[in-house]
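*Asks:* The structure follows.
The values are calculated or read from the model by the stated rules, or taken from the named source; none is laboratory data. Just so we're clear, the structure is a prediction, and the values are computed from it rather than from any experiment. Here Cβ is always computed from backbone atoms with ideal geometry, including for glycine, and neighbour counts include all displayed protein chains.
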Amino acid sequence: MAKLLFFYLLMIFSSFILLANCQQGNNTLESDQFLNENQTIVSPNKIFELGFFNLSDSNNQYLGIWYTAPKKTVVWVANGDSPISGGNGSLHLTPEGVLSLQNGSGYIVWSTNKRSFKGAPEAVLLDSGTLLVRDTMTGDVSWQSSYDLSNTLLPGMYLGYITLPNLNQKMQLTSWKNDTDPSPGSYVYMLDHTRLYELVIVNGSTVIYRTGPWTGSHWNGMPQLGEAGLVAFQLNQTDVAAYFSYNSLNTAYIFRLVMNQNGTLSFLRSNLTSDWEEFEQIPPANSGQFALCGPNAISQGTNCTCLSAYSPKSLNDWKNGSFLDGCVRSEPFNCMKATGVMSISNVKLPDTINAKANSSIRNFDGCQMWCTSTCNCTAFAVLGSQGCVGWFGDLIDTVNLANEQGDNLYIRVAAPSPPPSPPHAPESAKKKVTRIISYVAMPAAILATLAFGLLFIQCTRWKREREMKYPLPNTSKFLFLASK
């Protein structure tokens with residue numbers, strides 16, 4: 001009997017060991033299971049791991065996902081602004097499909113929303129780095145970590161927004177406060193729905209940088225992004241959603257796009273054996289701040305120039321290097337006369353906060369006609385998938401790009417006036433004498449002609465009067481007599 005009892009106890013103990021081992025290394029957390037601080041779940045190909053971690057020597061504990069190689073690199077944090085002090089945290093997948101993160105006292109510091117399930121819920125960590133909760137019967141996903149981003153965007157994840165009556169979701173990157181505090185920092189990288197599909201870095205409500213509008217293959221202000229052939233970019237848009245993503249073109253590397261605490265973005269890569277390498281920075285190192293030169297001006301680095309048909313609003317400020325007031329029309333804008341255009345090549349197009357697109361027009365003539373038919377349209381461009389883009393108001397943050405990589409901007413101006421007559425050259429003395437002689441000779445010739453005419457008429461009259469006074473003899477009578 002004692003041996004049988006020992007056997008049963010051994011079986012129970014082995015079952016607990018087996019269950020713990022299944023939880024540590026399996027990529028799934030099943031319904032009503034817990035993940036404790038000394039356990040992790042790993043994606044199928046062991047690329048990502050989900051578990052608890054601490055930053056530096058801090059006692060604050062966080063639940064997150066990290067790359068397993070080339071070194072532990074955190075890419076997602078659940079409770080960045082609600083750390084578990086002192087550790088002893090646990091993650092519970094409830095039978096209702098809610099992921100619940102609890103501290104040692106059982107207090108919930110973070111959780112997902114409750115959804116209805118037909119089957120049992122399960123939480124799964126994918127090789128894409130996404131943790132999701134799904135219905136084991138229908139496969140429907142009720143929640144995923146890639147819709148609740150931290151400071152990192154991985155290949156295949158989305159940056160954008162969904163606007164539905166029952167769902168208003170923003171997928172955006174938020175910087176950490178610092179390297180040891182993953183709570184939300186000052187900077188956000190997002191796809192701005194108030195513009196024509198531009199990615200922007202903001203600090204609160206202040207725009208720090210924008211990429212320029214999407215052309216169909218790249219961002220207008222960052223044409224060089226992706227030239228190395230490492231990643232490909234895509235923008236999808238519908239009436240209720242728009243989202244940007246990138247995918248790897250080189251399977252020898254892993255990638256991440258990180259929103260840094262200093263307001264810059266870093267594109268990083270690793271071949272799994274070497275450390276992370278930054279291959280692209282946003283904004284580029286030589287890029288000036290947003291709207292550096294004020295309205296209706298163009299910047300190149302830190303140099304500012306007024307756009308065609310514009311002049312500095314304050315010439316003194318401009319000379320002193322203060323450009324924020326920008327430029328104004330050199331002459332008052334008259335839309336009835338503004339039928340001409342001035343072209344500026346290779347630019348990051350102005351901020352599209354006050355722009356509209358007409359995707360049905362994709363040629364210069366049609367775009368010019370569409371713009372000039374509206375009085376307050378000040379400029380236009382033909383831009384790939386966007387079609388005809390028109391600006392209605394001031395032109396903000398226009399940037400001159402190097403290496404002929406930008407697009408053309410056409411600014412409305414008054415139609416050119418006909419060329420003036422060439423100025424008269426000073427007359428020589430000879431030409432002056434000739435002109436004077438011609439002025440005198442012409443009336444003299446006219447008077448002489450009139451005098452000759454009058455003399456001819458008078459002579460004719462005198463001859464007629466003389467013939468009447470002394471008539472000539474009848475010559476026909478002499479001819480008759482001679483014939484006899």
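*Asks:* What number of residues in segment 243-252 are in a strand (DSSP E or B) and in contact with a Leu (Cβ under 8 Å, 6 or more places away or on another chain)?
*Replies:* Total satisfying the criteria: 5.
*Asks:* Could you please find all residues in segment 326-335 being part of a strand (DSSP E or B) and either touching a helix residue (DSSP H, G or I) at 6+ places or on another chain (Cβ under 8 Å) or buried (at least 20 other Cβ atoms within 10 Å of the Cβ) (or both)?
*Replies:* Within segment 326-335, CYS327 is the sole residue that qualifies.
*Asks:* Pull up segment 342-365, narrow it to residues that are touching a Gly at 6+ places or on another chain (Cβ under 7 Å) and among the β-branched types (Val, Ile, Thr), then point me to the one that is nearest to ASN400 (Cα to Cα).
*Replies:* In this case the residue turns out to be VAL347.
*Asks:* Would you please name the residue that is surrounded by the fewest Cβ atoms within 10 Å (Cβ to Cβ), looking only at residues in segment 124-157 that are in a loop (DSSP other than H, G, I, E, B) and of a type in the set (A, V, I, L, M)?
*Replies:* MET137
*Asks:* In addition: Output yes when any residue across segment 266-281 is in a loop (DSSP other than H, G, I, E, B) and either touching a Phe, Trp or Tyr at 6+ places or on another chain (Cβ under 7 Å) or surrounded by 19 or more Cβ atoms within 10 Å (Cβ to Cβ) (or both), and no when none is.
*Replies:* yes
*Asks:* SER308 fails exactly one of the following numbered conditions: (1) within 21 Å of LEU401 (Cα to Cα); (2) crowded, with 20+ Cβ neighbours inside 10 Å. What is the number of that condition?
*Replies:* (2)
*Asks:* If we keep just the residues of segment 163-191 that are of a type in the set (Val, Ile, Thr) and surrounded by 16 or more Cβ atoms within 10 Å (Cβ to Cβ), which is farthest from TRP143 (Cα to Cα)?
*Replies:* VAL188
*Asks:* Further, regarding this structure: So GLY366 clears everything in (1) crowded, with 19+ Cβ neighbours inside 10 Å; (2) free of Cβ contacts under 8 Å to residues at least 24 places away in the same chain except one condition, right? Which one?
*Replies:* If we test GLY366 against (1) crowded, with 19+ Cβ neighbours inside 10 Å; (2) free of Cβ contacts under 8 Å to residues at least 24 places away in the same chain, just (1) comes out false.
*Asks:* Tell me the residue from CYS304, CYS375, CYS388, CYS371 that is more than 22 Å from PRO213 (Cα to Cα) and either at pLDDT 95 or above or among the hydrophobic types (A, V, I, L, M, F, W, C) (or both), please.
*Replies:* Matching residue, one of CYS304, CYS375, CYS388, CYS371: CYS375.
*Asks:* Return the only residue of SER314, SER248, SER270, SER274 being without any contact (Cβ under 8 Å) to a residue 12 or more places away in the chain and not assigned by TED's automatic domain parsing to the domain that holds PHE48.
*Replies:* Matching residue, one of SER314, SER248, SER270, SER274: SER314.
*Asks:* Being in a loop (DSSP other than H, G, I, E, B) and within 18 Å of ASN376 (Cβ to Cβ) is the filter here, so list the residues in segment 284-325 that pass it.
*Replies:* PRO295, ASN296, LEU307, ALA309 - these are the residues of segment 284-325 that are in a loop (DSSP other than H, G, I, E, B) and within 18 Å of ASN376 (Cβ to Cβ).
*Asks:* Okay, next question. Please find, within segment 65-75, the residue that is surrounded by the most Cβ atoms within 10 Å (Cβ to Cβ) out of those that are in a strand (DSSP E or B) and touching a residue at least 24 places away in the same chain (Cβ under 8 Å).
*Replies:* Among those residues, the one meeting the criterion is ILE65.
*Asks:* Here is a follow-up. Name, by its number, the condition in (1) crowded, with 16+ Cβ neighbours inside 10 Å; (2) of a type in the set (Gly, Ala, Ser); (3) without any contact (Cβ under 8 Å) to a residue 40 or more places away in the chain that does not hold for GLY160.
*Replies:* (3)
*Asks:* Can you pull out the residues in segment 207-242 that are of a type in the set (Val, Ile, Thr), touching a residue at least 24 places away in the same chain (Cβ under 8 Å) and either exposed (fewer than 15 other Cβ atoms within 10 Å of the Cβ) or part of a loop (DSSP other than H, G, I, E, B) (or both)?
*Replies:* THR211, THR215, VAL240
*Asks:* Additional query: Which one is nearest to the chain's Cα centre (by Cα) among residues in segment 65-88 that are within 21 Å of GLN33 (Cα to Cα) and modelled with pLDDT of 95 or more?
*Replies:* Residue satisfying both the conditions and the ranking: VAL77.
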